[in-house]
Structure formats: structure tokens, C-alpha cells
Amino acid sequence: LYWLEQSLRDQVPGVTLPWWDWSSSTSRLEGIPKAYSDKRDSAGKPNSLLKSRIFVPTANPPLNEDTFRNPGNPSELPTKNDVDVMLSKQDFADFEDDLEELHDTVHGWVSGSMGRVATAAFDPIFWAHHTNIDRLWRIWQMSRADLGFPPELLNEILEPFPFTVRDVLDVRSLGYEYASASGSS
């Protein structure tokens, strides 16, 4: 997320990544936000957030297709209560398990390209989903004096990036903050 946002800022200074709060009442009624599901943007041009091209000729088999989605019923998305229960976890391992479960649920709910590890990141909604996961991690962090984070992991290098776990624990050290530092909306 950090590198994507930095790359986008090379094109548009000050741009930030949006998050998709899939537990919101709007998402649980309508599903994928219109910014990612409408065929045309507000100017009438094809919506670049609807899909993207997957072109990986070196994959086995080679990939050359548009991303696609096959979302489930919006009422099946995680609820605000699911998020609140996760955020109430005191133990890091319990929180991490619940966060991973919500993360995986949304990938499976969107389905299509997002439901496959090899193609998920090609779908523009992937980035809004992962920004929300990062936001929820930050909210959980802010509610604790001690994260209970396993100290043996702090110096692990996050390949292929030049960061350790310690380097990325506090988003402020990376130069960003979330506009909403409270629970789901």
C-alpha cells in the first residue's frame, strides 16, 4: 500500500488511497461501491476502477484477461459487529486471526479475480479492501498501550521491501494517518 501510494503521488501530489468499509450499512445493502462498480465515471468515460487488464505472459499458463468479479449477496459481507468483536480482542494472535478471517471473507465474497491469489491484486477493489484492513489494524493499535506483538518478529525483513516489521508498526513513521481512526462506519 505504501509503495502504491508513493507511486501515485509521483503522478498526483497529495493523493491518498481510499478504503472500502465493507461492514458499512451502505456496503451491506449495495455491495461494491459505485466508484468501483459503475461502468462509467462521472465524466461519462469508462470507469478505470471497474476492472483492469491482467497481462502476465510469463505465468504458467500465461494470463491475458480482464479482471472480473462475481460478488455474493451484500448482506453476507462482514458486519459492524464482526469488526467490533475483532477490535475488542486483547491478544495480538486472536486479533490477527479474526482480521485474517474478515480479510479472507471479503476476497471470497468479491470472488472472480479477487478470489484467486495470483490475480487478486490486479482488481482495483483489492487496494481499497487492503487499505481498510490496514486501517482496522491501525484502529486496534491505537486502542492499546502494549500491542503484545511477538518481539522476535520485530526485526523480520518484509521482502521484497526494504522495511522490517518494526519500521511499519506505526503508520506515522511512514508519513500517513487515517482520516477515520475510530471503528467501522
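The values are calculated or read from the model by the stated rules, or taken from the named source; none is laboratory data. Just so you know, these numbers come straight off a predicted model, no measurement behind them. Note that each Cβ is placed from the backbone with ideal geometry, even for glycine, and that neighbours are counted across all protein chains shown. Ligands, DNA and RNA are excluded from the accessible area calculation, which covers all protein heavy atoms including side chains. Shrake-Rupley method; radii C 1.70, N 1.55, O 1.52, S 1.80 Å.
Computed values, structure above
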read-out	value
Mean residue ellipticity (222 nm) of the chain, computed from DSSP H runs ≥ 4 via -39,500 (n - 2.57), nearest 500	-11000 deg cm²/dmol
25 Å Cα-Cα reach of Lys45 towards lysines, excluding residues that sit fewer than 8 places from it in its own chain	Lys34
Calculated P(r) of region 30-185 - Cα pairs past 19 Å, %	63
Amide proton proximity set for Ile54, modelled H, under 5 Å, gap of 5+	Glu65, Asp66, Thr67
Residue-span extension gain [Asn64 to Leu147] - 0.36 nm each, minus C-alpha spacing	25.6 nm
GNM flexibility winner over the chain from Ala93, Ala128, Ala43 (Cα, springs under 10 Å)	Ala43
Distance between modelled label sites at Leu4 and Asp84, nm, 7 Å Cα→Cβ extension	2.9
Simple label model, 7 Å out from Cα along Cβ direction - Glu156 to Ala35, nm	3.1
Most mobile listed residue (Arg138, Arg69, Arg116) in the chain, GNM with C-alpha springs under 10 Å	Arg116
Candidates Thr58, Thr16, Thr79: whichever shows maximal mean-square fluctuation once the chain is modelled as a Gaussian network with Cα springs under 10 Å	Thr58
Solvent exposure of the chain as accessible area per residue, Å², 1.4 Å probe	58
Between region 20-93 and region 112-185, the alpha-carbon center distance in angstrom	17
For a label point 7 Å along the Cα-to-beta-carbon line of Asp104, residues of region 118-150 with backbone N under 16 Å	118
Degrees separating the helix 124-142 axis from the principal Cα axis of the chain, which is the longest one	10
Helix 2-11 vs. the chain, principal-axis angle (Cα, 0 to 90°, nearest 10)	50
Using alpha-carbon coordinates, inclination of helix 92-110 to the longest axis of the chain, degrees	10
Region 1-127, relative contact order in percent, only Cα pairs under 8 angstrom and at least six apart counted	25
